Structure formats: structure tokens, C-alpha cells
1. Determine ³J(HN,Hα), in whole Hz, for all residues of region 175-191 in sequence, where each value follows from phi through the Karplus function 6.51 cos²θ - 1.76 cosθ + 1.60 and θ = phi - 60°; x replaces Gly and Pro.
2. MET166: net charge of surrounding residues, Cβ under 11 Å, Lys/Arg +1, Asp/Glu -1, itself excluded?
3. What is the spread of the Cα atoms of region 38-121 along each of their three principal axes, largest first, in whole Å?
4. For region 127-135, just list the computed ³J(HN,Hα) in residue order, Karplus coefficients 6.51, -1.76 and 1.60, θ = phi - 60°, integers in Hz, with x standing in for Gly and Pro.
5. List the residues whose amide H sits under 5 Å from the amide H of PHE193, counting only those 5 or more places along or on another chain, with H placed 1.01 Å from N in the peptide plane.
6. Each residue of region 109-114 in turn: what ³J(HN,Hα) in whole Hz from Karplus with 6.51, -1.76, 1.60 and θ = phi - 60°, glycine and Pro shown as x?
7. In region 110-177, what chymotrypsin sites (Phe, Trp or Tyr not before Pro) fall in a loop by DSSP, with at most 10 other Cβ atoms inside 10 Å?
8. What Kirkwood radius, in Å to one decimal, follows from the Cα pairs of region 92-218?
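Each value in this text was obtained by applying a stated rule to the coordinates, not by laboratory testing. Only a predicted model underlies this, so the values are computations on that prediction, with no experimental measurement involved. Counting neighbours? That spans all protein chains shown, and the Cβs are built from the backbone with ideal geometry, glycine included.
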Amino acid sequence: MHDDVGQLLKRIWSKEYKFREKDLDYLRGIFLIKNLIDTNDHYTYTHSIQVSRYAYLIGRAMNMGKTQLEELLLTALLHDIGKSRLSVGIILKKEPLTPEEYEEIKKHVYCGAEIVRNYKFSEGLYRNILYHHERWDGKGYPLGLKGKKIPLISRIVTVADSFDAMTTNRPYKAGMSLDVALEELRKHSNKQFDGEIVQVFINMIQRERDWRKSLLYG
């Protein structure tokens with residue numbers, strides 16, 4: 001079990017968001033659920049933390065209120081929890097997936113939604129997780145929802161999820177550079193991704209980059 005979850009969250013969010021102690025207790029419970037993943041799949045665990053960070057920053061840049069930000073954070077943390085019910089051999093496979101294995105992987109959205117429903121989370125969280133692989137152009141899964149029929153929180157998590165996946169080293173591929181990954185987001189704006197969210201994210205990254213340069217070169 002992750003007994004240091006409270007301290008971990010404080011380190012991650014210390015400059016971004018000040019949780020109340022009861023928030024930390026609540027999120028500690030979430031991480032205990034996520035221990036189902038971490039037992040066999042450390043990548044998904046660390047990926048989920050990174051996705052929650054990117055998603056939260058996007059939501060804040062979009063001026064979301066506290067309640068919506070909390071729902072966004074929980075969705076991002078738990079978006080891949082359904083992978084805990086899939087074959088470890090597929091989840092940890094070092095080679096590209098076969099078409100049959102990819103179809104199996106796609107079931108994780110149903111599994112994840114079922115897990116959060118069983119743990120008595122809100123129907124909003126259920127839908128957010130179920131739809132986080134839908135695409136803006138309607139070519140995603142599981143239902144082929146299109147545009148703003150996809151919940152906003154799911155659309156944000158899709159961008160954050162894809163960016164982290166693109167920039168992370170995996171056994172079967174090297175991660176992209178920041179600039180290449182951002183170009184991929186641009187290229188697929190209003191196709192795979194909500195273009196407005198992509199632009200918010202790119203602007204956010206650029207501001208951070210400019211800020212870092214100003215510190216270095218004054």
C-alpha cells in the first residue's frame with residue numbers, strides 16, 4: 001500500500017493547489033484503489049499521476065471551479081484503473097499489440113467505469129472514464145461520440161493522456177520530444193482532440209517555457 005500518498009501529493013501539488021487535509025485523506029483512498037494497478041504495472045501508476053497533473057493544469061487554465069477541478073483530477077487519476085482487470089501479459093507486452101489484443105485493451109474503459117460505479121463514485125466520474133477514448137471527430141470508442149457530446153472532462157483527459165503517452169519512453173518505443181509531441185497535438189486538433197483544449201495546453205506549455213528562459217537568461 002502507498003502509505004506516503006499524502007506526502008507524494010503535497011510534493012506534486014505544492015505550487016499548484018493547496019488541498020485541505022480531508023482532501024488528502026480522500027485522495028489517499030483513491031491511491032489505495034490504484035494499488036490494484038501498481039502491483040503489476042508501475043507504468044500505468046506513474047502515467048496516471050502525470051496525466052492528473054497535466055489535466056489539472058489545463059482545467060485551471062480554463063478557469064474551472066474547485067468542484068469541477070476535483071472531478072477532473074479524480075477522472076485523470078483513475079482513467080486507466082480498468083486495466084487492472086485485463087491480462088497482465090497484454091498490459092506489459094513489450095511489442096506492439098496485435099489487432100485482437102488491441103480490442104481486448106479497449107475493454108478497459110468499460111472495466112474502469114464499472115470499478116468506479118462499484119465504489120459508489122458519481123455518475124459523472126463513471127461517464128468521464130467511460131468516454132476518455134472518444135474522439136472529437138466521432139472515430140473513438142466505445143460509443144463513437146462526437147464533439148461536445150463527449151463530456152468536457154473526458155476531452156481534457158484525452159489530451160493530457162495522449163501527451164504523456166507520446167513523451168514517455170516505453171519498452172517498444174522511445175518517447176517523442178516536447179516539440180514533436182506538441183506538433184502531433186496540433187496536427188490532430190479538431191480530429192482526435194478538441195482544438196480549444198489543445199490550444200490551451202500549448203499556450204500553457206509555452207508560457208512555462210518562456211518563464212524558465214527568463215530565469216536562465218534574465
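1. 3J(HN,Hα) across region 175-191, in whole Hz: x, 6, 5, 4, 5, 5, 5, 5, 5, 5, 4, 4, 4, 9, 4, 6, 10.
2. Taking every Cβ under 11 Å from that of MET166, the sum is -2.
3. 41, 27, 24
4. 5, 4, 6, 4, 9, 6, 10, 6, 10
5. For PHE193, the qualifying residues are TRP136.
6. In residue order, the calculated couplings are 5, 5, 4, x, 4, 5 Hz.
7. The qualifying sites are TYR172.
8. Taking the inverse mean of 1/r over all distinct Cα pairs, region 92-218 comes out at 16.2 Å.
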